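Presented below is the structure to which this report refers.
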Amino acid sequence: MTSEYRILYGDIHNHNALGYGVGSLERAIDIARHHLDFFSFTGHSHWHDMEPMEGGREAHWLNGFQRLEEGWPDVQNLIADANGADDFSAFLGFEWHSSKFGDQCVVFPEDHRPLIRPNDLETLRGFCRQESALMIPHHLAYPKGHRGVNWDVFNCDCSPVVEIFSEHGNSEDDRGAFPFFNHSMGGRETTNTVAHALDSGLRFGFVASSDSHSGFPGAYGEGLMAALVKENTRGAILDAIRQRRTYALTGDRIGIDFSADGAPMGTFLGARDSVEITYDVQGRDEMDVVEIISGGEIVHRDFAPPARLGGDTFAEPVQLRLEWGWGPWGDLALERTCDWEMDVAVEGGRLLNFWPCLQSGPFDEDRRHRITREGSDGLSIRSFTSRRDAYRGNPNQSAILEIAGDAQTRVALSLRQPVEQTSETSLADLAVTSKNFFTGPFPKEAYQWHRLVPLKASRIAGRCDVPMRGGCGHAYLRARQANGHLAWASPVFVG
């Protein structure tokens, strides 16, 4: 990437048993430390205008609020202690529900802060101003009055960014991928979407967070945010959020460099007739398209070249995804949790980098996913998979490897659990086809090396000029991979 900034990945909205989710905060911190650069725990705190529910089911929420209140002293201490780790930042926070005003996640800049439970939005906003805390609205696109965002009372003072994506789905518009269907609050309402708010003149940046209730911050596929920082500190991360140098991801850690007239994403520019947009997008799979959106329209599209083989396939590093899971489903009455243990070695090449893609299910307080370096060119993987409680039905876990090598470079895999197996596969073979392996007869679990991704098929860079009607407007970038994962860069605002 050409930007002067470093990209950090985090999740600033997630839950556990200190609320009405599951899992300990200690577990959540351990998970976050392993595969994120920063996170905030935002326990469920209050729902002032909740109506009575059939059979007294509001007790589910009320008991969760009480658990957070009683555990708040421990929450403060655990989050403060988590900041002792090098290159990892933890933030204290809580989530406030409101049918009328929409849900808000409060994120504190400092440790050991009070938990409040106001009955109106202005009191909450006044508290956030006093604390210099963030107040981030989420699951925006639900209908107003049903815990969707209320743009009528939106104020960028404490809310420089909004949550465009989470496990609820995609709030960008009412027709985009990942519709709302996981919960009981209805579908997406056009006038509550991000697209509508931007076209109405509101100004904000984009983040995504998981909103996982399984005590699993950074859950793959449920939402992740990136912050452009010059150093990995809490202050630098908060500054990036306040300046909207952030972008939202559905899961894969796509790298984005996006600017307008040389200014980074999130910048407010003075009035001008047009802006020169430059972008450099590095996918973690084959890229499909990069789109620039302004005034509610796609004003520019740039497509990746097809992943055809050639003499230059290995002139630059390639990416390779290893995925494991599958296995029996509920209809067979054979659902189980499968433990995995394997080592991967790159032979005749170099392992440059790797990215974990760890999903939240199944919940287990004691098991942990661990993907770590084994020597200079290998990985040690310990994991577990199950179809039980799998987010949107996908039980699998995966990791992406970046490898420098040639056609003869091989990836050797030694599986110890759930069975003992070994295999070696060349990059030449993986340039042509994926490789599938099974741990036993149907319907046992399986694992797969995906077909490799050449650099030229995973990167899109370019520029375009975007007119600004009347000297003002906005423009943002949306990127889509061939596997469906999305990223949204915060808008630049003109005039």
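The values are calculated or read from the model by the stated rules, or taken from the named source; none is laboratory data. What you see is a predicted model; the values in this text were computed from it and never measured. Heads up, the Cβs are rebuilt from the backbone with ideal geometry, glycines too, and the neighbour counts pull from every protein chain shown.
Is it true that residue 60 is touching an Asp or Glu at 6+ places or on another chain (Cβ under 6 Å), surrounded by fewer than 19 Cβ atoms within 10 Å (Cβ to Cβ) and not aliphatic (A, V, I, L, M)? Reasoning before the result, please.
Values: touching an Asp or Glu at 6+ places or on another chain (Cβ under 6 Å): no; surrounded by fewer than 19 Cβ atoms within 10 Å (Cβ to Cβ): yes; not aliphatic (A, V, I, L, M): yes.
No, not satisfied.
Check 235, 223, 218, 169 and return the single one that is in contact with a Phe, Trp or Tyr (Cβ under 6 Å, 6 or more places away or on another chain) and over 18 Å from residue 476 (Cβ atoms). Can you show your working first?
Working: 235 fails: in contact with a Phe, Trp or Tyr (Cβ under 6 Å, 6 or more places away or on another chain); 223 fails: over 18 Å from residue 476 (Cβ atoms); 218 fails: in contact with a Phe, Trp or Tyr (Cβ under 6 Å, 6 or more places away or on another chain).
None of the others qualify; the one that does is 169.
Of the residues 129, 117, which single one is farther than 17 Å from residue 42 by Cβ and surrounded by fewer than 16 Cβ atoms within 10 Å (Cβ to Cβ)? If you could, list the steps in order and put the result at the bottom.
Details: 117 fails: farther than 17 Å from residue 42 by Cβ.
Being farther than 17 Å from residue 42 by Cβ and surrounded by fewer than 16 Cβ atoms within 10 Å (Cβ to Cβ) holds for just one of 129, 117, which is 129.
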| query | Could you list, in sequence order, the residues of segment 175-203 that are assigned to a loop (DSSP other than H, G, I, E, B), touching a residue at least 60 places away in the same chain (Cβ under 8 Å) and within 20 Å of residue 264 (Cα to Cα)? | reply | 203
| request: Answer yes if at least one residue in segment 439-446 is under 17 Å from residue 396 (Cα atoms), touching a residue at least 60 places away in the same chain (Cβ under 8 Å) and acidic (Asp, Glu), and no otherwise. | output: yes
| query | Inside segment 386-424, can you point out the residues that are more than 10 Å from residue 342 (Cα to Cα), at pLDDT 95 or above and of a type in the set (Lys, Arg)? | reply | 410
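For segment 100-114: of the residues being of a type in the set (D, E, K, R) and surrounded by fewer than 22 Cβ atoms within 10 Å (Cβ to Cβ), which is farthest from residue 69 (Cα to Cα)? Spell out how you get there, then give the answer.
Just the residues of segment 100-114 that are of a type in the set (D, E, K, R), to begin with: 100, 103, 110-111, 113.
Restricting the remaining residues to those that are surrounded by fewer than 22 Cβ atoms within 10 Å (Cβ to Cβ) gives 100, 110-111, 113.
Details: 100: 23, 110: 19, 111: 16, 113: 13 Å.
Here the answer is 100.
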| query | So, in segment 1-40, of the ones that are of a type in the set (A, V, I, L, M, F, W, C) and within 15 Å of the chain's Cα centre (by Cα), which residue ends up nearest to residue 458 (Cα to Cα)? | reply | 7
| request: Pairs only if they're at least six apart or on different chains, beta carbon under 6 angstrom, first in segment 104-126 and within 19 Å of residue 149 (Cβ to Cβ), second of a type in the set (Ser, Thr, Tyr) and surrounded by 18 or more Cβ atoms within 10 Å (Cβ to Cβ); list them, first residue then second. | output: 105/42; 107/40
| request: Would you please list the contacts, defined by Cβ atoms under 7 Å and residues six or more apart or on different chains, that run from a residue in segment 287-299 that is without any contact (Cβ under 8 Å) to a residue 60 or more places away in the chain to a residue that is part of a strand (DSSP E or B)? | output: 298/291
| Which one of 173, 199, 157, 152 is closer than 30 Å to residue 356 by Cα and either of a type in the set (D, E, K, R) or outside the structural domain of residue 102 (by TED's automatic domain parsing) (or both)? | 173
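Yes/no per residue for (1) among the hydrophobic types (A, V, I, L, M, F, W, C); (2) modelled with pLDDT under 95; (3) in a strand (DSSP E or B); (4) in the same structural domain as residue 185 (by TED's automatic domain parsing):
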residue: 18; (1), (2), (3), (4): yes, no, no, yes
residue: 28; (1), (2), (3), (4): yes, no, no, yes
residue: 45; (1), (2), (3), (4): no, no, yes, yes
residue: 73; (1), (2), (3), (4): no, no, no, yes
residue: 85; (1), (2), (3), (4): yes, yes, no, yes
residue: 96; (1), (2), (3), (4): yes, no, yes, yes
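Taking segment 322-344 only, how many residues are at negative phi, of a type in the set (A, V, I, L, M, F, W, C) and in a strand (DSSP E or B)? Don't jump to the end; show me each part of the working.
Applying the first criterion (at negative phi) to segment 322-344 yields 322-324, 328-332, 334-344.
Pick out the ones that are also of a type in the set (A, V, I, L, M, F, W, C) and you get 322, 324, 329, 332, 334, 338, 340, 342, 344.
Now drop any that are not in a strand (DSSP E or B), which leaves 322, 324, 338, 340, 342, 344.
Total meeting the criteria: 6.
Can you name the strands (runs of 3 or more DSSP E) wholly within segment 222-321 that have at least 2 residues being within 18 Å of residue 453 (Cα to Cα) and not β-branched (Val, Ile, Thr)?
Working: elements: 224-229, 246-249, 255-260, 274-282, 287-294, 297-303.
Result: 274-282, 287-294.
Counting residues that are surrounded by fewer than 19 Cβ atoms within 10 Å (Cβ to Cβ) and not acidic (Asp, Glu), which strands (runs of 3 or more DSSP E) fully inside segment 385-460 reach at least 2? It would help to see each step written out before you state the result.
Details: elements: 397-404, 410-417, 421-426, 435-438, 445-449.
Filter on segment 385-460 gives 410-417, 421-426, 435-438, 445-449.
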| task | Output the qualifying pairs, or none if there are none: Cβ atoms under 8 angstrom, residues six or more apart or on different chains, first residue in segment 148-161 and among the polar types (S, T, N, Q), second residue in a loop (DSSP other than H, G, I, E, B) and surrounded by 13 or more Cβ atoms within 10 Å (Cβ to Cβ). | result | 150/100; 150/101; 150/102; 150/144; 159/204
| said: From the list 256, 241, exactly one residue is within 29 Å of residue 400 (Cβ to Cβ), outside the structural domain of residue 207 (by TED's automatic domain parsing) and modelled with pLDDT of 95 or more. Which is it? | reply: 256
